[in-house]
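**Student:** Pasting a structure below so you can have a look.
Taken together, the values in this text are just the output of simple stated rules run on the coordinates, not laboratory data. Owing to the predicted nature of the structure, the values given are computational and were not obtained by experimental measurement. All Cβ positions, glycine included, derive from the backbone under ideal geometry; neighbour counts span all protein chains shown.
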Amino acid sequence: MSLPLDELHRLARRIRAVVLDVDGVLTDATLYYGTRGEALKRFSARDGFAIKLAQREGIAVAVLSGRLAPPLKARLRDLAVPPELVIQGSRRKAPDLARLAQVLRVATDELAMVGDDLPDLPALALAGLSCCPADAAPEVRERCQYVCRAPGGSGAVREVVQLLLEARGRWQQVVGEWERGEAELVLDARAGKGSEDEDER
Ligand SMILES: [Mg+2]
């Protein structure tokens, strides 16, 4: 269950990067299978926008998933999430969260983690701010410091980014910049250049 807002803001002000689980966080946990395995994933454009916003505000975004999913790679490339901040096929998420912290040169308690199911619990416990979508497993909701109003794949990530920016006193300014037409973001890293396929992980 969520902590009181002032306590959440106190924790959120220390956060320098967000680590996202994928299935059930960036997606609604549905896996679309074809004969060759996982064929599609459905992502929220609003979550994508929030990821770009976080990056622009100096909050790095990393991904920590237990599965290997080709559609994820395409999405993360479009969002310009650097390959060194993506761990797929993680078997133990707490040590892998610590690895991401090392790559980011931050302490684990300067990371916010968003997860939705039991494999995420050790990493959630290690992070400085533990968050989950509204439809996360009950055991996860019980233990997280921030339970989103939105479910996975439908704005939960955006909500976490908004919380971080509100805690920094930046959210109203960001909204104002968009309202006045002063802000711009490259929402697709491929915009204006060719895309290429290379394999990592
Ligand atoms: Mg998950």
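**Student:** Here are some conditions: (1) more than 15 Å from the ligand (Cβ to nearest atom); (2) in a loop (DSSP other than H, G, I, E, B). Arg91 meets all but one. Which one does it not meet?
**Tutor:** The single condition Arg91 does not satisfy is (1).
**Student:** Of all residues in the stretch 100-114, which are closer than 27 Å to Pro138 by Cβ and in a helix (DSSP H, G or I)?
**Tutor:** Of everything in the stretch 100-114, those that are closer than 27 Å to Pro138 by Cβ and in a helix (DSSP H, G or I) turn out to be Leu100, Thr108, Asp109.
**Student:** Given the criteria of a type in the set (S, T, N, Q), more than 16 Å from the ligand (Cβ to nearest atom) and touching a strand residue (DSSP E or B) at 6+ places or on another chain (Cβ under 9 Å), does Gln55 qualify?
**Tutor:** Taking the combined requirement at face value, the residue satisfies it.
**Student:** Does the stretch 129-145 hold any residues that are more than 12 Å from the ligand (Cβ to nearest atom) and either of a type in the set (S, T, N, Q) or surrounded by fewer than 21 Cβ atoms within 10 Å (Cβ to Cβ) (or both), and which are they?
**Tutor:** Within the stretch 129-145, Ser130, Ala134, Pro138, Glu139, Arg141, Glu142, Arg143, Gln145 qualify.
**Student:** Conditions first: (1) among the basic types (Lys, Arg); (2) out of contact with any strand residue (DSSP E or B) (no Cβ under 6 Å at 6 or more places or on another chain); (3) in a helix (DSSP H, G or I). Arg149 passes all but one, so which condition is the exception?
**Tutor:** Of everything listed in (1) among the basic types (Lys, Arg); (2) out of contact with any strand residue (DSSP E or B) (no Cβ under 6 Å at 6 or more places or on another chain); (3) in a helix (DSSP H, G or I), Arg149 misses just condition (3).
**Student:** Just give me the residues in the stretch 115-128 being within 13 Å of the ligand (Cβ to nearest atom) and not in a helix (DSSP H, G or I), in sequence order.
**Tutor:** Gly115, Asp116, Asp117, listed by residue number.
**Student:** Just give me the residues in the stretch 16-52 being more than 16 Å from the ligand (Cβ to nearest atom) and surrounded by 22 or more Cβ atoms within 10 Å (Cβ to Cβ), in sequence order.
**Tutor:** Ala17, Ala50, Ile51 - these are the residues of the stretch 16-52 that are more than 16 Å from the ligand (Cβ to nearest atom) and surrounded by 22 or more Cβ atoms within 10 Å (Cβ to Cβ).
Let's see how each residue does on (1) among the charged types (D, E, K, R); (2) out of contact with any Pro (no Cβ under 7 Å at 6 or more places or on another chain); (3) within 21 Å of Phe43 (Cβ to Cβ):
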site	(1), (2), (3)
Leu104	no, yes, no
Leu111	no, yes, no
Gly115	no, yes, yes
Leu126	no, yes, no
Arg141	yes, yes, no
Cys144	no, yes, no
